[in-house]
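The values are calculated or read from the model by the stated rules, or taken from the named source; none is laboratory data. Because the structure is a prediction, the values reported are computed rather than measured. Every residue, glycine among them, receives a Cβ derived from its backbone with ideal geometry; neighbour counts consider all protein chains shown. These accessible areas exclude ligands, DNA and RNA; they are computed on the full protein's heavy atoms, side chains included. Shrake-Rupley method; radii C 1.70, N 1.55, O 1.52, S 1.80 Å.
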Amino acid sequence: MKTISKLTLVIVLAISMTAFTNPIKKKVDIKESSIEWTGKKVLGSHNGTIQLQEGYLEMEGNILVGGMFVIDMTSITVTDLEAGKGKEKLEGHLKSDDFFGIKNHPTASFEIDKVAKMDGGFKVGGTITIKGTSKPISFDLKMDDNTAIANLKIDRTKFDVKYGSGSIYDNLGDKAINDIFELDITLKF
């Protein structure tokens, strides 16, 4: 009888300890982290960077369970063009209402709400908000001790970024811009 009571006590303690585990927030080092974007068009592509404003990953041991990120949309830069040769013009256009409308939407955000462990990392799901519109998104995230890496493919038209979209406007010819843009993200924490 005492053995059953001790076993029951051990089980109850083990369950209660795991049920009340608080995730640890690992703050992202925004100066060491990077977000590189690529946008394609019929006759080429452009790329650049954008900065994180803040962010963290929630961890239970070495298991990702959540997180939140804010992106500073005012920091968008073009890296494939030189100053005086189209760089400033494209940056201004990306910041305008034709694209990301940073005057009214100076930040974008992402909040993790689903995580599944997989070989080499995690399948992450959550809500991304761009230009005031929120949509679900999922992607693979690879992690090691202090780095997380992901590649996101985002359909800009779902966030009211329609300028030059060949799927929305006719007769754009070689001026059409691909609806999908990519973000290559490296987080350091």
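Within the range 115-127, identify whether any single residue is assigned to a strand (DSSP E or B), in contact with a Gly (Cβ under 6 Å, 6 or more places away or on another chain), among the β-branched types (Val, Ile, Thr) and more than 20 Å from SER165 (Cβ to Cβ), and answer yes or no.
Looking through the range 115-127, none of the residues is assigned to a strand (DSSP E or B), in contact with a Gly (Cβ under 6 Å, 6 or more places away or on another chain), among the β-branched types (Val, Ile, Thr) and more than 20 Å from SER165 (Cβ to Cβ).
List pairs: first residue in the range 97-123 and on the phi > 0 side of the Ramachandran plot, second residue assigned to a loop (DSSP other than H, G, I, E, B) anywhere in the structure, Cβ distance under 8 angstrom, at least six positions apart or on different chains.
Filtered contacts from the range 97-123: GLY101/LYS131.
Looking at the range 151-189 only, could you name the residues that are in contact (Cβ under 8 Å) with a residue 40 or more places away in the chain, open to solvent by less than 50 Å² (accessible area, probe 1.4 Å) and assigned to a strand (DSSP E or B)?
Scanning the range 151-189 gives ILE177, PHE181, GLU182, LEU183, ILE185, THR186, LEU187.
Given ILE63, ILE30, which one is closer than 18 Å to ILE112 by Cβ, modelled with pLDDT under 95 and over 13 Å from the mean Cα position of the chain (by Cα)?
Selected residue: ILE63, the only one of ILE63, ILE30 that is closer than 18 Å to ILE112 by Cβ, modelled with pLDDT under 95 and over 13 Å from the mean Cα position of the chain (by Cα).
Hey, LYS41 hits all of (1) touching a strand residue (DSSP E or B) at 6+ places or on another chain (Cβ under 6 Å); (2) exposed (fewer than 13 other Cβ atoms within 10 Å of the Cβ); (3) among the basic types (Lys, Arg) but one; which does it fall short on?
Among (1) touching a strand residue (DSSP E or B) at 6+ places or on another chain (Cβ under 6 Å); (2) exposed (fewer than 13 other Cβ atoms within 10 Å of the Cβ); (3) among the basic types (Lys, Arg), LYS41 violates only (2).
Mind listing whichever residues of the range 71-128 are touching a strand residue (DSSP E or B) at 6+ places or on another chain (Cβ under 6 Å), β-branched (Val, Ile, Thr) and surrounded by 13 or more Cβ atoms within 10 Å (Cβ to Cβ)?
ILE71, ILE76, THR77, VAL78, ILE102, THR107, ILE112, VAL115, VAL124, THR127, ILE128
Within the set of pairs 6 or more residues apart or between chains, which connect a residue that is closer than 12 Å to GLU91 by Cβ inside the range 59-80 to a residue that is among the aromatic types (Phe, Trp, Tyr) and in a strand (DSSP E or B) with Cβ atoms less than 8 Å apart?
ILE76/TRP37
Can you go through LYS103, LYS89 and tell me which one is under 25 Å from HIS46 (Cα atoms), in a loop (DSSP other than H, G, I, E, B) and charged (D, E, K, R)?
LYS103
Is it true that some residue in the range 137-150 is open to solvent by 80 Å² or more (accessible area, probe 1.4 Å) and over 23 Å from GLU32 (Cβ atoms)?
Within the range 137-150, none of the residues are open to solvent by 80 Å² or more (accessible area, probe 1.4 Å) and over 23 Å from GLU32 (Cβ atoms).
Take GLU182 and tell me if it is under 17 Å from ILE50 (Cβ atoms) and charged (D, E, K, R).
Yes, satisfied.
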